[in-house]
1. Name every residue in the range 17-53 that is over 25 Å from residue 70 (Cα atoms), without any contact (Cβ under 8 Å) to a residue 40 or more places away in the chain and surrounded by 17 or more Cβ atoms within 10 Å (Cβ to Cβ), in order of residue number.
2. Does the range 134-147 contain any residue that is touching a residue at least 40 places away in the same chain (Cβ under 8 Å), over 14 Å from residue 54 (Cβ atoms) and within 10 Å of the chain's Cα centre (by Cα)?
3. Would you mind finding the one in 129, 110, 122 that is within 30 Å of residue 288 (Cβ to Cβ), modelled with pLDDT of 95 or more and surrounded by fewer than 17 Cβ atoms within 10 Å (Cβ to Cβ)?
4. In the range 54-71, what residues are surrounded by fewer than 21 Cβ atoms within 10 Å (Cβ to Cβ) and either in contact (Cβ under 8 Å) with a residue 60 or more places away in the chain or not in a helix (DSSP H, G or I) (or both)?
5. Kindly check whether there is at least one residue in the range 205-217 that is modelled with pLDDT under 95 and either surrounded by fewer than 19 Cβ atoms within 10 Å (Cβ to Cβ) or not in a helix (DSSP H, G or I) (or both).
6. I need the full set of residues from the range 146-159 which are at pLDDT below 90 and touching a helix residue (DSSP H, G or I) at 6+ places or on another chain (Cβ under 8 Å), in order please.
7. Please verify whether residue 196 is over 19 Å from residue 104 (Cα atoms), at pLDDT below 95 and not in a helix (DSSP H, G or I), treating the condition exactly as stated.
8. Within the range 80-92, is even one residue surrounded by 17 or more Cβ atoms within 10 Å (Cβ to Cβ), assigned to a helix (DSSP H, G or I) and at pLDDT 60 or above?
C-alpha cells in the first residue's frame with residue numbers, strides 16, 4: 001500500500017501517539033470510560049496505520065462532533081429524562097467504541113489489502129449512519145413534539161426505542177451529510193492510495209460522497225429505530241414500571257417484555273451501520 005507516510009512503522013507510531021492523546025483527553029473530560037479509551041487507542045492506531053487521512057479523519061469527525069453535542073446537552077432536563085431509559089449513557093465504553101467503529105476498521109483493513117473505491121463508499125455509509133444516529137439521539141431528545149413509533153406511528157414517551165421526531169430525523173440527515181462533506185473535503189486533493197485504488201476526485205466525486213452519506217446515513221438511522229422498535233431486548237422496571245433498554249432499573253433486575261436477549265443497543269448500532277455500508281457501496285457503484 002502506498003500511504004500518506006511510506007513507512008508503516010512511522011504510521012504506527014503516529015497513530016499510537018495521536019490516538020493516545022485524543023483518548024486521554026476524552027477520558028479526562030469523561031467522554032470515554034477506561035475501556036473505551038483503551039479501545040479508542042487500538043482503533044485509532046489501526047486506522048492511521050492502515051489507511052489514508054480520510055479513514056481516520058471521518059472517525060475523528062464523528063467522535064468530536066458527537067462528544068461536543070453530548071456535552072452541550074448533558075444538563076438538559078428533557079435529555080436526562082429520555083436517557084433514563086437508555087442502556088448506556090454518558091461515557092462511551094469499549095462496546096460502544098467497537099460498535100461504532102469496528103466495522104469501519106475492518107473496511108479500512110480490507111482496503112489496505114485489496115484497494116478499491118467500494119470499501120471507501122461502504123465506510124462513508126457506516127460512519128454516516130453512526131453519526132446520524134448519534135445526532136438524532138442527542139438533538140431529538142430536545143424535541144417539543146412527542147416522538148412517534150416508527151412502526152405504528154402512535155405517540156410514545158421520550159426515550160422509547162423506535163421513537164422518532166421531526167427534529168431527530170432532521171438531525172440524523174444533518175449528521176449524515178456532515179460525514180459526507182468531511183469525506184469530500186478530505187478527498188478534494190487525490191491521495192496516493194486512493195489514486196491507486198481508482199478512487200475518483202473532483203466535483204462529481206464530492207457530490208457522490210455526500211449523496212451516499214446522506215441516503216445511507218439516514219436509512220441506517222431509521223433501520224436503527226426499526227430494530228429498536230422490534231427486535232431489541234426491552235425490559236420493564238419492577239419498581240417504577242417504565243420500559244427501558246436496561247436489564248436492571250431502580251436498583252433491581254427488570255423483566256424482559258419483548259425482543260431478543262442478545263440484541264442490545266450496541267448490536268443494533270452495528271447491524272444498522274452495516275446495512276448503511278452496503279447501501280452506500282451500492283450507491284457508489286451506481287453513481288461512479
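The values are calculated or read from the model by the stated rules, or taken from the named source; none is laboratory data. Quick caveat: nothing in here was measured; it's all calculated off a predicted structure. Backbone-built Cβ (ideal geometry, glycine too); neighbour counts: all protein chains shown.
1. Looking only at the range 17-53, we keep the residues that are over 25 Å from residue 70 (Cα atoms), and these are 17, 46, 48-53.
Pick out the ones that are also without any contact (Cβ under 8 Å) to a residue 40 or more places away in the chain and you get 17, 48.
Across the range 17-53, the qualifying residue is only 48.
2. yes
3. Details: 129 fails: surrounded by fewer than 17 Cβ atoms within 10 Å (Cβ to Cβ); 122 fails: surrounded by fewer than 17 Cβ atoms within 10 Å (Cβ to Cβ).
Matching residue, one of 129, 110, 122: 110.
4. Scanning the range 54-71 gives 57, 61, 65, 69, 70.
5. Step one: list which residues in the range 205-217 are modelled with pLDDT under 95, which gives 205-208.
Then drop every residue that is not either surrounded by fewer than 19 Cβ atoms within 10 Å (Cβ to Cβ) or not in a helix (DSSP H, G or I) (or both), which leaves 206-207.
Yes: the range 205-217 contains one or more residues that are modelled with pLDDT under 95 and either surrounded by fewer than 19 Cβ atoms within 10 Å (Cβ to Cβ) or not in a helix (DSSP H, G or I) (or both).
6. Result: 158, 159.
7. Values: over 19 Å from residue 104 (Cα atoms): yes; at pLDDT below 95: yes; not in a helix (DSSP H, G or I): no.
Criteria not met by residue 196.
8. no
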